[in-house]
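Only one structure is covered here, and it is reproduced in the block below.
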Amino acid sequence: MVSSSIKTLPSSLYAAITPPGPDASALTSTQMTDTVIIGGGITGLSAALHLAQDGHKAMVLEANAIGWGASGRNGGAGQSRSQIYPSRGGA
């Protein structure tokens with residue numbers, strides 16, 4: 001069961017096309033794991049996936065819905081800060 005204090009995803013394309021995640025309850029007891037990852041965004045989930053693929057038990061702790069923060073609002077655009085200047089003094 002998802003806690004009523006968890007914020008739902010803001011209106012976005014991600015929220016519109018992503019199916020609901022599994023029910024999760026608040027952590028109320030001691031858990032054993034190899035690695036605890038704080039944050040269920042792109043980086044946290046990627047780390048958990050890679051650890052699990054390597055045979056480690058990873059636990060992701062997230063205060064809100066998975067992808068709720070910046071990861072859920074990311075448009076996937078990248079921008080380079082480099083500039084190409086035209087040559088000077090020649091063709």
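Quick look at the numbers
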{"item": "Candidates ALA63, ALA24, filtered to the one that is open to solvent by 40 Å² or more (accessible area, probe 1.4 Å), in contact with a Lys or Arg (Cβ under 9 Å, 6 or more places away or on another chain) and outside any helix (DSSP H, G or I)", "result": "ALA63"}
{"item": "Candidate set: region 27-42, residues that are among the polar types (S, T, N, Q) and more than 11 Å from VAL60 (Cα to Cα); chosen: the one surrounded by the most Cβ atoms within 10 Å (Cβ to Cβ)", "result": "GLN31"}
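The values are calculated or read from the model by the stated rules, or taken from the named source; none is laboratory data. In this text, all values refer to a predicted model and were calculated from it rather than measured experimentally. Cβ: placed from backbone, ideal geometry, glycine included. Neighbour counts: every protein chain shown. These accessible areas exclude ligands, DNA and RNA; they are computed on the full protein's heavy atoms, side chains included. Shrake-Rupley method; radii C 1.70, N 1.55, O 1.52, S 1.80 Å.
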